[in-house]
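The values are calculated or read from the model by the stated rules, or taken from the named source; none is laboratory data. Model, not experiment: these values are computed from the prediction. Note: ideal-geometry Cβ built from the backbone for every residue, glycine included; neighbour counts use all protein chains shown. Accessible surface is based on the protein model in full, side chains and every heavy atom, while ligands, DNA and RNA are left aside. Shrake-Rupley method; radii C 1.70, N 1.55, O 1.52, S 1.80 Å.
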Amino acid sequence: ILELAMLAHTLQVDDTRIDVLDSAKAKNIKRGHLWALVGDLRFVAFFYTENWTAELAAQFLGQRIGWMQVDGYAGFGVLAEGRPILLVGCWMHARRYFVKALDAKDHKAAGAALDAIRRIIHVNLYLGLIVVAIGASGRYW
């Protein structure tokens, strides 16, 4: 599955912080990271790393060629430097800053951007290119 994900046209990559049991630590817990790799919305692989460094991520992403949809983590830029990787952003990550502006009543800064992002997401949903998770607020665009 990992090989299919790595060969996919688009590879979505994200990590999340997780608590890991470790009896050597004071509270028996240490911080770890679980990485999810999704190739063409079909092939899913996971990796665990003990920290959030580009060096550890390179161990499983090092052979990637092509598009990688990622968040703003600077380590992805290090991975892509001088390599045939095109980093593409995530609208949901970019959108959060405009939502913050809207929540702060800055309609001028947020309104047009959120409307454009909403339209892009609708087109992609219609084309079946993305799957959107609705948050606790009920908003997803």
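Quick notes on this structure:
- Reachable aspartates and glutamates, given that their alpha-carbon falls under 17 Å from the alpha-carbon of K100 and they are not under 8 places away in the same chain: D115
- Answer label for Rg and Dmax of the Cα atoms in Å (calculated), chosen among (1) 19.8, 67; (2) 16.2, 54; (3) 17.5, 52: (3)
- Where GluC sites (Glu not before Pro) fall in DSSP loop in the range 1-63, at most 13 other Cβ within 10 Å: E50
- Couplings 3J(HN,Hα) for the range 97-112, derived from phi with the Karplus relation 6.51 cos²θ - 1.76 cosθ + 1.60 (θ = phi - 60°), are 5, 6, 5, 4, 5, 5, 4, 8, 6, 8, 5, 5, 6, 9, x, 5 Hz, where x marks Gly and Pro.
- Put simply, the amide H of W67, placed in the peptide plane, has neighbours under 5 Å in L11, L86, leaving out anything fewer than 5 places away on its chain.
- Derived scalar couplings ³J(HN,Hα) [the range 28-45; Karplus, 6.51 cos²θ - 1.76 cosθ + 1.60; whole Hz; x for Gly, Pro]: 6, 9, 10, 8, x, 9, 9, 9, 10, 10, 10, x, 6, 6, 10, 10, 10, 9
- Between the amide H of Y48 and those of W35, distances stay under 5 Å, these residues lying 5 or more places away or on another chain, with hydrogens modeled in the peptide plane.
- Only DSSP H runs of four or more residues enter the estimate; each adds -39500 (n - 2.57), and after division by the residues of the chain the mean residue ellipticity at 222 nm equals -12000 deg cm²/dmol.
- Relative contact order, whole percent, for the chain stands at 17, derived from Cα pairs under 8 Å and 6 or more residues apart.
- Carbon + sulfur, % of accessible area of the range 16-75 - ligands and nucleic acids excluded, 1.4 Å: 57
- Amide hydrogen neighbours beyond the local backbone of C90, cut-off 5 Å, H modeled: V70
- Nearby lysines by direct alpha-carbon distance to K27 (threshold 16 angstrom, same-chain neighbours under 8 apart not counted): none
- Calculated from backbone phi, Karplus (6.51, -1.76, 1.60) coupling profile of the range 10-17 in Hz, x at Gly/Pro: 10, 10, 8, 10, 8, 10, 9, 6
- Judged by the gyration tensor of its Cα atoms, with axes a ≥ b ≥ c, the range 49-97 is oblate; a/c meets the 1.5 cut and b/c is at least as large as a/b.
- Residues K25, K100, K105, K30 ordered from highest to lowest accessible area at a 1.4 Å probe: K105, K100, K25, K30.
- Efficiency of FRET from Cβ geometry, T16 and H107, R₀ 30 Å, rounded to 0.05: 0.40
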